[in-house]
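What follows is a set of notes on a single structure, which appears directly below.
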Amino acid sequence: TLQAAKTQRIDHQTSCTDVITEAMRALLLLLAAAASAEWVEWPAGQAVPEGASTRININTNKVEVDIDVNATLLEHRYRTSVNEATRAEDTTANLTRRETIISSLKRLPPDEVGDVESLTDAELDALWADRQESLRKWSEQLSDAAKSLQNRLQALLRDDHEAKLEALDELDFELSDLDNAKDFHDALGGWPALAGLLSADASEVRRRAAQCVGTAAKHGFQAWVLEAEVLPRLVNMLDEATWPARKAAVYALGCALRSSAPVQRAFGRRGMAALSKLASTALEDSGNQQAWAVADKVAALIGDLVQEGRAVPPDACDAVAAVLAKAPADGRAD
């Protein structure tokens, strides 16, 4: 009968939910970006993210970028992933609603849904409704996160010192989340803007930007320091005039260098020489607790590289020995 046919037909929206969910992030990022599209002046010397629209402001003669970055690319990725997910579904199968729900739920970790085949129809419907509600809340949170990252990028590009500092503090927290970090770097193309702040005029802006770079590297994205001149800028920060900025640079370099052969190769002898010089400079001001903390961190970093089998030049070994010789009796300072 017609009613039986309706009962037997596949509910494509239901059966594709879990596979399309993977594409949802890109769509929500696209929508968040489009909702707050605005032209802003792009930092001089920084590469414009792929897919971003540019123009010349005739009043300032400066390059401006639509911060709705990579929107076309995002839409393409979303549509491609949805099409692939749709093709992956077996649209020829003739499943009941119960079979369709079970098929979808069984793709989830067993400890999350249990033995779904043993559930009654009522229990299965309740579990499915709860799952859909969780997905709805997750989508709302993801949309909020995308808008938040978009706001951070806008603040980084504006000529507002206090707004930059606040945005960098919040971005440092957000980059500790793997998905947020990927979205900021890949989808929003925000990494060049952050890299540019490592050479900002204000020391505190440079310090907080280095902290953000270190957070991203610490959570698995060490290769990013090889982009947008981040690594040489961090090396340059070792000659900062203030100890907090130097300490932030050492922190970022430590997160990027440890257990990363590509970054270590790029760091090379010039980087090691800069670290050794910084340790010597810090020891000359060892009565300053901040200076000693930097010397301590440099020695620890060089020591870790030695343990990893990295070829360390003699001056770096001498720097470590000098720090250890002046170490306080009660152990490491920091």
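The values are calculated or read from the model by the stated rules, or taken from the named source; none is laboratory data. Everything quoted here is computed from the prediction, not taken from an experiment. Note that each Cβ is placed from the backbone with ideal geometry, even for glycine, and that neighbours are counted across all protein chains shown. Areas reflect the complete protein model, heavy atoms only, side chains present, ligands, DNA and RNA absent. Shrake-Rupley method; radii C 1.70, N 1.55, O 1.52, S 1.80 Å.
Between ASP121 and ASP177, the FRET efficiency from the beta-carbon distance, with R0 = 45 Å, is close to 0.75.
Keeping the other protein chains in place, figure out the carbon and sulfur percent of the accessible area of segment 170-327, with a 1.4 Å probe.
Details: 3240 of 6400 Å².
Carbon with sulfur: 51 percent of the solvent-accessible area.
Which of the peptides 259-265, 308-314, 220-226 is most tightly packed, and how do the rest follow, going by the mean number of other Cβ atoms within 10 Å of each residue? Kindly include the intermediate steps, with their values, before the conclusion.
Values: 259-265: 14.7, 308-314: 12.9, 220-226: 18.3.
For the peptides 259-265, 308-314, 220-226, the packing ranking is 220-226, 259-265, 308-314.
Across ASP159, ASP239, ASP315, ASP296, the residue with the most accessible area heads the list, and the full order at a 1.4 Å probe is ASP159, ASP239, ASP315, ASP296. Rolling a 1.4 Å probe across the protein heavy atoms gives segment 102-243 an accessible surface of 47 Å² per residue.
Residue ranges 110-122, 273-285 sort as 273-285, 110-122 when ordered by packing (mean number of other C-beta atoms within 10 Å per residue, highest first).
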